[in-house]
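Reviewing the structure listed below.
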Amino acid sequence: MRQTNFSEFEIKTPQDRNVMHLLYGLHTLAWFSLGVFAVIALILNYIRRSDELDPVYVSHHDYMIRTFWWTLAWLVLLSPLWLLLVLPGYIAYVIVWLWYLYRCIRGWLRFNSYQSV
């Protein structure tokens, strides 16, 4: 029987949890800063993920990174709607914003319960 080597596991501190909550907060408030908070959070996600060993934390970093890039892709793909009329572009961006907000809140709640996304 193989014994578990507990030195392989990193003990998470309250500071690590606070950083994750900060990152989710920045992503959630990104629309009110015209995306500046999301870019800051994305950079921090990439930095923190590279040193992360806990699978739950890694999954949340990956989730936030994917959410950012998919949102950016949708905004670029839907931007021609603004050329047609303002209303279709506005509706499309509101739908993307609601999807982004849903992803942030869903991930944040799962992280708060210490569950992978």
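Since every read-out is calculated from the coordinates, none of them should be taken as a lab result. All of these numbers come straight from a predicted model, not from anything done at the bench. Every residue, glycine among them, receives a Cβ derived from its backbone with ideal geometry; neighbour counts consider all protein chains shown.
Key figures
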read-out: Point-charge dipole on Cβ atoms (K/R +1, D/E -1) for the chain, about Cα centre, debye to 20; value: 240 debye
read-out: Selected from LEU53, LEU23, LEU44 as most flexible by GNM, with the chain as the system and alpha-carbon contacts under 10 Å; value: LEU53
read-out: Residue exposure sequence - ARG49, ARG66 - by fewest surrounding Cβ within 10 Å; value: ARG66, ARG49
read-out: Folded to 0 to 90 degrees: helix 14-28 orientation relative to the chain principal axis, Cα; value: 10 degrees
read-out: Inter-probe distance in nm under a simple model that places probes 7 Å from Cα toward Cβ, at SER79 and TRP99; value: 1.7 nm
read-out: Cα-based equivalent ellipsoid of the chain: semi-axis lengths in Å, sorted from largest, via gyration tensor; value: 34, 13, 12
read-out: Residue with peak Gaussian network fluctuation, the chain [Cα springs, cutoff 10 Å], from GLY89, GLY35, GLY107; value: GLY89
read-out: D_trans [Stokes-Einstein, Kirkwood Rh over alpha-carbon pairs] for the stretch 53-117, 10 °C, 1.306 mPa s, µm² s⁻¹; value: 123 µm²/s
